[in-house]
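Reviewing the structure listed below.
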Amino acid sequence: MVRIGWFGLVMALAWPAHASISKFKLDNGMQVLVKEDHRAPVVVQQVWYRVGSNYEYGGITGISHMLEHMMFKGTKSLKPGEFSKTVSKLGGQDNAFTSNDYTAYYQVVGNQNLEKVMELESDRMRNLVIKDEEFQKERDVVTEERRWRVEDRPGSKLYELFKASAYVNSPQHHPVIGWMSDIRAYTVDDLQHWYQQWYAPNNATLVVVGDVDPQQVYEWAKRYYGAHKPETITPPKPRVEIEQEGERRIKMKGATKSPSLIMGFHAPSLVTAKNSQEVYALSVLNSVLDGGDSARLPRDLVRGSKIAVSAGASYDETSRLESLFMLNITPSEGKTLEEAEAALWAQIEQLQQQPISEQELKRVLAQTEAQYVFHQDSIQSQAMILGSLVSIGLPIETYDNWVENLRQVTPEAVQAVAKKYLTRDKVTVASLLPNGEGAKSSAVPVMEGGVR
């Protein structure tokens, strides 16, 4: 499993090589993005489908993730498992992942093998064969995956319940992997219908990054992906989250040694924000709290007062729907959850009462720029950024504007969003308490997402 939420735009600063990104559109509606990177004779192909758990509804939650598993179980011309075996024989690597907003498949190969993996990937776009025997086996795999990732991990269960409490009506109420009862009730027809509805060229984006000729990639894309007919895509009906009119609080007991707490506030993303500058200010706020050892939470609560063994913050600027600004904490031995929560509120109130310093702002910018440079070393990361932005409806030009927008954030703007969004009437708090049984695993929340 690979988490996609990590990605955000924290690493997506200016893209000086943006001019080298070639954009095409096939006659059947499929988008094609190619970015040249000639440092090594390697290429990554990613196909992004605009469907994930936020497109699902009650009764079939997690079906996008289940279909991701089935995509490796054969087509009209390939036997189960033959796809990955072929990529492996080529000396390449392949995998896939499912998130709230999209599902993607990728292969990393030598550039001489790009045409072959394009042929393979285009084949399973429309020619998947879902046999009952393979479906039954893979559904058992997914139930075990859920048991391992969620049921046996108190921290993950807490996170799942936290999100289900923070979102009442939004599709983000449901976990990416789906509820266990829904997984067990899937049918072959459910999978076939989901595949037919969403896995179409006009609902997909092909991203290729590496040592390639864009025009050659386009010609191969027309030959293989262009052979498929488009599908009628009917977007899901809107399910807008109801307004939160007071604190929401849940407690859970589990087999953990240490208690822990998650706190979350509804916040806009770049897709939903009426004022996008608020998103950049919230991003800076997140880095002020949890951006390396110098950030406030590890500095003040872990090493300073030692009230916590761990404390952090997270915020997804690029969610297709409304986002959450989250904080989490695990108190030190001898400290209570109430003391730990009070310490988090003290940090929030400090941000609301006094602007951050210019030095903190400079640290955040420097740190983010460094992360951007490091990620440019990976063709996989470059492709991930492109694919995820396009899949949620943001222009790839977001890169070009990101660093400049971040530099326009002032300490007063950070203070303003802290006052506006981090309020006691808008908070959801989830607490995990030991139930007296031996700890099975860490109480640290495991975020969601999915890869075979």
#### Entry: From the C-alpha gyration tensor of region 131-210, square roots of 5λ in Å
25, 20, 14
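Test of understanding: express the Cα radius of gyration of region 66-105 as a ratio to 2.2 N^0.38 Å, with N the residue count. All intermediate terms of the calculation are to be shown ahead of the outcome.
Details: Rg = 11.1 Å, N = 40, 2.2 N^0.38 = 8.9 Å.
Dividing the Cα radius of gyration by 2.2 N^0.38 Å gives 1.25.
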### Message
Can you classify region 324-382 as rounded, prolate or oblate using the Cα gyration tensor, where a ≥ b ≥ c are the square roots of its eigenvalues, rounded means a/c under 1.5, and otherwise it's prolate if a/b beats b/c and oblate if not?
### Response
oblate
### Query
Could you state the number of Å between the C-alpha centres of region 405-431 and region 172-222?
35
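Using a cut-off of 13 Å between beta-carbons, work out the net charge of the residues near Leu128 (Lys and Arg +1, Asp and Glu -1, Leu128 not included).
Values: positive: Lys73, Lys76, Lys79, Arg124, Arg126, Lys131; negative: Glu68, Glu82, Glu121, Asp123, Glu134, Glu138.
Within the 13 Å Cβ shell, the charges total 0.
List the relative contact order of region 45-130 as a percent without decimals, with contacts defined as Cα pairs under 8 Å and 6+ residues apart. Spell out each step's value before the answer.
Numbers: 128 pairs, mean separation 33.6, N = 86.
Relative contact order here is 39 percent.
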## Note on the structure
Sorted on mean Cβ neighbours within 10 Å (highest first), peptides 87-97, 281-291 come out as 281-291, 87-97
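When only DSSP loop residues count, what GluC sites (Glu not before Pro) in region 331-398 have their Cβ near at most 16 other Cβ atoms within 10 Å?
On the way: sites: Glu333, Glu338, Glu339, Glu341, Glu349, Glu358, Glu360, Glu369, Glu397; in loops: Glu333, Glu397.
Filter output for region 331-398: Glu333, Glu397.
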### Task
In Å and from the alpha-carbon atoms only, list the Rg and Dmax of region 107-155.
16.7, 46
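Equivalent-ellipsoid semi-axes (√(5λ), Cα gyration tensor) for region 143-274, whole Å, largest first? Intermediate results must be reported in sequence, preceding the final value.
Numbers: eigenvalues 280, 83, 66 Å².
Here the semi-axes work out to 37, 20, 18 Å.
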### Summary
In nanometres, the difference between 0.36 nm per residue of separation and the alpha-carbon distance of Glu243 and Arg299 is 16.7 nm
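Can you check what the Kirkwood hydrodynamic radius comes to for region 18-172, Cα pairs only, in Å to one decimal?
Numbers: mean 1/r = 0.0562 Å⁻¹.
Roughly 17.8 Å, rounded to one decimal.
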### Query
For region 77-151 and region 324-344, what is the separation of their Cα centres, given in Å?
40
### Message
As a test of understanding, state the convex hull volume per residue of the chain from its alpha carbons, in Å³.
### Response
143
### Query
Once label points are set 7 Å from the Cα along Cα→Cβ at both Lys419 and Glu339, what is their separation, rounded to one decimal in nm?
3.3
### Query
Share of Cα-Cα pairs in region 92-133 beyond 12 Å, in percent?
68
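Quick check: net charge around Ile307, other residues with Cβ under 14 Å of its Cβ, Lys/Arg +1 and Asp/Glu -1? List each step's numbers first, then the result.
Numbers: positive: Arg296, Arg299, Arg303, Lys306, Lys335; negative: Asp300, Glu333, Glu338, Glu339, Glu341.
Computed value for this residue: 0.
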### Message
Can you tell me, using C-alpha contacts under 8 Å and at least 6 residues apart, the relative contact order of the chain as a whole percent?
### Response
28
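Rounded to a whole number, what % of the accessible area of region 89-240 do carbon and sulfur atoms account for, probe 1.4 Å? Please report the intermediate quantities before stating the final value.
On the way: 3010 of 6270 Å².
The C+S portion of the solvent-accessible surface of region 89-240 is 48 percent.
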### Summary
His173 neighbourhood, Cβ < 11 Å, K/R = +1, D/E = -1, net charge -1
### Query
What is region 164-252's relative contact order, in percent, from Cα pairs under 8 angstrom and six or more apart in sequence?
48
### Task
Let me know the whole percent of all Cα-Cα pairs from region 308-442 that are separated by more than 19 Å.
66
### Summary
Expressed as a percent, the portion of alpha-carbon pairs in region 84-200 spaced more than 22 Å apart is 49
### Message
So, for the chain, what is the accessible surface per residue at a probe of 1.4 Å, expressed in square angstrom?
### Response
41
### Task
Assuming a ≥ b ≥ c are the square roots of the Cα gyration tensor eigenvalues, decide whether region 237-327 counts as rounded (a/c under 1.5), prolate (otherwise, with a/b larger than b/c) or oblate.
oblate
### Query
With each run of n ≥ 4 DSSP H residues scored as -39500 (n - 2.57), what mean residue ellipticity at 222 nm is computed for the chain after dividing by its residue count and rounding to the nearest 500 deg cm²/dmol?
-11500 deg cm²/dmol
### Along each principal axis, Cα extent of region 123-178, largest first, Å
39, 26, 16
### Query
Just the C-alpha atoms of region 253-297: what Rg/Rh do they give, with Rh taken as the Kirkwood radius?
1.15
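The values are calculated or read from the model by the stated rules, or taken from the named source; none is laboratory data. Here the structure is a predicted model, which is why all the values come from computation and not from measurement. We place every Cβ from the backbone using ideal geometry, glycine too, and count neighbours over all the protein chains shown. Calculation scope for accessible area: heavy atoms of the full protein, side chains included, ligands and nucleic acids excluded. Shrake-Rupley method; radii C 1.70, N 1.55, O 1.52, S 1.80 Å.
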